[in-house]
Amino acid sequence: MGDVPLNDLGRGFAALEGELRSTVDEVLSSGWYVLGPQHDAFEREFAAAVGAAHCVGVGNGTDALELALLSVGCRPGDQILTAANAGMYTTTAALKAGLVPRFADVDPDTLLLTAATVEPALTAATKAVVVTHLYGRLAEVGPLRELCAGRGIPLIEDCAQAAGAVSDEGPAGSLADVAAFSFFPTKNLGALGDAGAVVTDDPERAALVRSLRQYGWSAKYTATVPRGRNSRLDELQAAVLRTKLPHLAGWNARRREIVGRYATALEHGPRRMVHGDAAGSPAYVGHLAVLRSPSRDADRAALAAAGIRTDVHYPVPDHRQPVLAEAAAGISLPVTEQAAAEILTVPCFAEMTDAEVDRVCHALAAL
Ligand SMILES: Cc1ncc(COP(=O)(O)O)c(C=O)c1O
């Protein structure tokens with residue numbers, strides 16, 4: 001019996017092989033490979049799915065974050081505020097744009113930013129806040145939006161892990177001023193390569209991102225907007241994403257079901273699934289199944305012995321990353337740091353078999 005993998009993209013491909021091969025064939029013979037009809041249609045379809053007026057396809061999720069930050073008026077030297085437990089992506093985008101990342105701690109139960117954790121970290125110099133819907137759970141954006149709006153600070157959603165999540169307020173990507181998505185292959189909506197998008201209701205912001213993603217052009221070969229670059233969504237990835245989008249809700253439901261089963265398996269011990277309480281909610285899409293354990297390393301070894309693959313998302317908080325060593329020296333984020341020592345990711349992907357889910361449940365219950 002082989003190990004239960006953390007993810008298996010090959011199964012995702014096999015499940016849609018016929019559709020994917022014919023859509024890719026169509027693009028190959030169309031003779032149009034970048035910013036063509038597939039891209040245009042995906043932008044329309046994804047904007048509609050998110051309930052936003054505009055979607056701008058870009059090369060990846062980190063570019064989407066950087067362009068979102070530029071689109072709200074951030075300039076080199078400006079400070080932005082985000083969480084330090086979300087994989088360094090927003091921080092990387094901020095550094096690339098010449099911004100200064102600052103960090104707020106997260107809620108101890110959800111490991112997400114909240115208005116209560118963000119408020120004490122805001123300063124007069126904060127020019128934007130980025131909230132990450134970590135592991136697929138929507139943050140409570142309403143109070144954050146109010147807090148930021150009251151101080152004239154734009155709020156950006158990082159939806160890379162939350163495509164398809166919907167709260168009472170609306171879908172991921174429609175809850176703040178602008179949102180960034182990644183369609184990296186492991187995401188709930190994943191391309192077959194790198195891809196991303198910026199989503200917003202604001203037509204000027206969308207136009208700015210559209211220009212920035214293509215050399216800062218205002219018209220072909222006329223570079224008008226500073227800080228332009230090449231970050232376009234190609235036709236093959238757009239076609240793949242269009243093929244997959246109608247399946248997203250079903251995949252997300254399966255992911256929720258899996259995390260719900262893990263939460264039940266852990267019920268009688270000290271360990272908890274981080275978002276187990278949300279496993280029945282459409283505001284959660286089970287991107288990563290993360291448990292918290294007071295004995296993470298021993299649990300990891302026991303799961304490995306039972307043939308269950310694991311990983312840690314993420315082991316090094318942003319303010320402890322070597323690249324920020326000097327700038328972040330002396331910063332203390334107790335909840336973030338404690339969580340980094342206790343979190344453990346177990347397998348979760350839509351194509352997991354029931355037998356595999358049973359095996360993981362059995363191993364979790366035996367911890
Ligand atoms: C929360 C989050 N934000 C941003 C990104 C960056 O996306 P990409 O890898 O497409 O640059 C990722 C994933 O990689 C992510 O998980």
Looking at region 62-70, is at least one residue open to solvent by 10 Å² or more (accessible area, probe 1.4 Å) and within 12 Å of the ligand (Cβ to nearest atom)? yes
Consider Gly31 against the criteria (1) surrounded by 15 or more Cβ atoms within 10 Å (Cβ to Cβ); (2) at positive phi: it satisfies all of them except one. Which criterion is unmet? (1)
Enumeration of residues in region 318-340 that are at pLDDT 95 or above and in contact with a strand residue (DSSP E or B) (Cβ under 8 Å, 6 or more places away or on another chain): Asp318, His319, Leu333, Thr336, Ala339
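Only one of these is assigned to a helix (DSSP H, G or I) and either within 19 Å of Tyr135 (Cα to Cα) or in the same structural domain as Gly136 (by TED's automatic domain parsing) (or both): Ala301, Ala339. Name it.
Ala339
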Top-ranked residue in region 96-125 [being open to solvent by 10 Å² or more (accessible area, probe 1.4 Å) and among the β-branched types (Val, Ile, Thr); ranked as nearest to the ligand (Cβ to nearest atom)]: Thr110
Inside region 336-367, can you point out the residues that are aliphatic (A, V, I, L, M) and open to solvent by less than 40 Å² (accessible area, probe 1.4 Å)? Ala339, Ala340, Ile343, Leu344, Val346, Ala350, Met352, Val357, Val360, Ala363, Leu364
Odd one out for Met88, checked against (1) surrounded by fewer than 23 Cβ atoms within 10 Å (Cβ to Cβ); (2) within 16 Å of the ligand (Cβ to nearest atom); (3) more than 14 Å from the chain's Cα centre (by Cα): (3)
Filtering region 251-287 down to residues that are within 16 Å of the ligand (Cβ to nearest atom) and within 16 Å of Asp299 (Cβ to Cβ) yields Val274
Under 30 Å from Glu235 (Cβ atoms), within 12 Å of the ligand (Cβ to nearest atom), crowded, with 23+ Cβ neighbours inside 10 Å and of a type outside the set (Phe, Trp, Tyr): which single residue out of Ala93, Ala83 fits that description? Ala93
Tell me, please, whether a residue that is in contact with a strand residue (DSSP E or B) (Cβ under 7 Å, 6 or more places away or on another chain) and part of a helix (DSSP H, G or I) can be found in region 262-275. yes
Residue hits (region 170-184; part of a loop (DSSP other than H, G, I, E, B), more than 9 Å from the ligand (Cβ to nearest atom) and either closer than 11 Å to Leu241 by Cβ or under 11 Å from the mean Cα position of the chain (by Cα) (or both)) are Ala172, Gly173
Given the conditions (1) within 16 Å of the ligand (Cβ to nearest atom); (2) open to solvent by 30 Å² or more (accessible area, probe 1.4 Å), and given that Gly57 satisfies all but one, which numbered condition is not satisfied? (2)
Candidate set from region 197-221 (those that are part of a loop (DSSP other than H, G, I, E, B) and of a type in the set (Phe, Trp, Tyr)); member that is least open to solvent (accessible area, probe 1.4 Å): Tyr215
Please go through region 131-163 and pick out each residue that is away from the ligand (no atom under 11 Å from the Cβ), over 13 Å from Ala179 (Cβ atoms) and not hydrophobic (A, V, I, L, M, F, W, C). Arg137, Glu140, Gly142, Pro143, Glu146, Gly150, Arg151, Gly152
Conditions (1) out of contact with any Leu (no Cβ under 8 Å at 6 or more places or on another chain); (2) away from the ligand (no atom under 13 Å from the Cβ) -> Leu212 fails only (1)
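The values are calculated or read from the model by the stated rules, or taken from the named source; none is laboratory data. Computed from a prediction, not measured in an experiment: that's the story for all the values here. Positions of Cβ are backbone-derived with ideal geometry, glycine not excepted, and every protein chain shown enters the neighbour counts. Note: accessible area is taken over every heavy atom of the protein model, side chains too, but ligands, DNA and RNA are not part of it. Shrake-Rupley method; radii C 1.70, N 1.55, O 1.52, S 1.80 Å.
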